[in-house]
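Okay, structure first, notes after.
The values are calculated or read from the model by the stated rules, or taken from the named source; none is laboratory data. All values derive from a computational prediction rather than experimental measurement. When we count neighbours, we look across all protein chains shown, and the Cβ atoms used for this are built from the backbone with ideal geometry, even at glycine.
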Amino acid sequence: MRCPRCLNADQEFFYHGSKGWYCRKCISFGRALLEEDREPAQLSPIHEGSEEYSIPYPLTADQKRISHQCAEAIDEKDVLLYCVCGAGKTELVTESISKMLRQGKKVGFAIPRRQVVLELRERLAGYFPYAKVIAVCGGHTEETDGDLIICTTHQTYRYYQAFDLLILDEPDAFPFRGNAVLHGIAKTSCQGRMIYLTATPDAILRKRVEQGTLACLRLNRRAHGHDLPVPVLETGSLPVLLIKLVRWLHQHDSPRMVFVPTIHEADLLQRFLSLFMPCMKVTSKSPDRDEIIEKFRNQKDGIIVTTTVMERGVTIPGVDVCVFHADHEVFDVASLIQMAGRVGRTFDHPDGDVLFLLEEKSHTADRCRDELMEANRCAA
């Protein structure tokens, strides 16, 4: 037996109910009966002229090259856009989106975070003024049909065999990373090609590239042409690290993000720093998370303590970043690269400081620094 929705083949997860066999692995998305023929999602035809697009600023020569190569490659196989943080991955897929819409084909764009879905919908609606671009996520499920459907990864369950092109943003991030159910549901929502967008591809994507089933296009330079900020690593005991952190915060008058490995540590550190300076905090448990992030974004000199909830999909102009306890086991190379990648993303602020504070030397932190330095060398 094999689940037609999440592709689970583990027999322990199948149960025979009153209406037949169904899969319990993806039961949270509704009951998927194995004996029932699943029909592709019924979506409306593509609007005429929806393929026309305009990006309000010129792409670099490298961006144009990667964009064109991607649009050509999807005729043959799936594509991995392996591009550094802030390289403009959304703009790199506009040509591919336009190509599919011109052919009357449906395009999906799946993203881990709800807030990024809403932000990207606004941006792509501006790029594609004649297309019906919709957002499908928590609180936005009244309308689920459009020419270009931007949704959270969980919402792909609505689109069985619906997409001719599915773009998966940050496939190595929570909640998609290591989630076999979401992997399966994303695959069954797509009857055509897939494009993966990430600066930190996981072992599964790398293996597919090696096997030749996934085309890989790399871009190691941001549009503004500056090098990626490389972290400075400093070690010390906990009291020493706290002194270094306070000193570092006082040395900057920019927005400052302090990443910590756990919610408990975020609580403690925010209380400690508040003794010296105003300081916000946001974690996955913050009920008003989006509002806190937006408030921080609007401040020119704010400080926020955060967990990895802000490591991706967030651009704060002029921000500097410190990772406190960067040697913690919660952080892997990908998460450290993503946190460092918050810095220097905009044309007005193409540079910035990244500080890793560690109690012990860390191979993971060293690898992060080395990979960023290597990306800069390859881009030179």
TODO: Please tell me if L242 is under 30 Å from E76 (Cα atoms) and either modelled with pLDDT under 95 or touching a Leu at 6+ places or on another chain (Cβ under 9 Å) (or both).
DONE: no
Open item on the list: For the structure I just gave you, tell me whether E51 is modelled with pLDDT of 95 or more and under 19 Å from K105 (Cβ atoms).
Closed with: yes
Open item on the list: Restricting to segment 341-374, and then to whatever is among the hydrophobic types (A, V, I, L, M, F, W, C) and closer than 12 Å to L233 by Cα, can you tell me which residue is nearest to the chain's Cα centre (by Cα)?
Closed with: C368
- [ ] May I ask you to list the residues in segment 189-206 that are within 11 Å of L80 (Cβ to Cβ) and free of Cβ contacts under 8 Å to residues at least 12 places away in the same chain?
- [x] I204, R206
Open item on the list: Would you confirm, using the coordinates I've provided, whether D164 is surrounded by fewer than 23 Cβ atoms within 10 Å (Cβ to Cβ), touching a residue at least 60 places away in the same chain (Cβ under 8 Å), assigned to a loop (DSSP other than H, G, I, E, B) and acidic (D, E)?
Closed with: no
TODO: Quick one: count up the residues across segment 136-151 that are crowded, with 22+ Cβ neighbours inside 10 Å and either touching a residue at least 24 places away in the same chain (Cβ under 8 Å) or assigned by TED's automatic domain parsing to the domain that holds F14 (or both).
DONE: 5
TODO: Could you tell me whether any residue of segment 61-72 is of a type in the set (A, V, I, L, M), touching a strand residue (DSSP E or B) at 6+ places or on another chain (Cβ under 8 Å) and farther than 30 Å from L217 by Cβ?
DONE: no
- [ ] Restrict the check to segment 205-213 and report whether at least one residue is surrounded by 17 or more Cβ atoms within 10 Å (Cβ to Cβ) and closer than 20 Å to Q338 by Cα.
- [x] yes
Task: helices (runs of 4 or more DSSP H) wholly inside segment 274-380 that include at least 1 residues being out of contact with any helix residue (DSSP H, G or I) (no Cβ under 9 Å at 6 or more places or on another chain), of a type in the set (D, E, K, R) and closer than 19 Å to L219 by Cα - done: 363-379
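Okay, residues lined up against (1) among the aliphatic types (A, V, I, L, M); (2) surrounded by fewer than 19 Cβ atoms within 10 Å (Cβ to Cβ):
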position: S54; (1), (2): no, yes
position: A125; (1), (2): yes, yes
position: F128; (1), (2): no, no
position: V133; (1), (2): yes, no
- [ ] Answer yes if at least one residue in segment 330-352 is in contact with a strand residue (DSSP E or B) (Cβ under 8 Å, 6 or more places away or on another chain), among the aromatic types (F, W, Y) and not assigned by TED's automatic domain parsing to the domain that holds A199, and no otherwise.
- [x] yes
Task: Candidates A375, A365, A340 - the one that is over 19 Å from C83 (Cα atoms) and modelled with pLDDT of 95 or more - done: A365
- [ ] Test each condition in (1) farther than 16 Å from T262 by Cβ; (2) within 21 Å of the chain's Cα centre (by Cα); (3) surrounded by fewer than 22 Cβ atoms within 10 Å (Cβ to Cβ); (4) among the polar types (S, T, N, Q) for S286 and report the one that comes out false.
- [x] (1)
- [ ] Hey, can you tell me all the residues within segment 10-47 that are exposed (fewer than 12 other Cβ atoms within 10 Å of the Cβ), free of Cβ contacts under 8 Å to residues at least 24 places away in the same chain and part of a loop (DSSP other than H, G, I, E, B)?
- [x] S18, K19, E35, D37, Q42
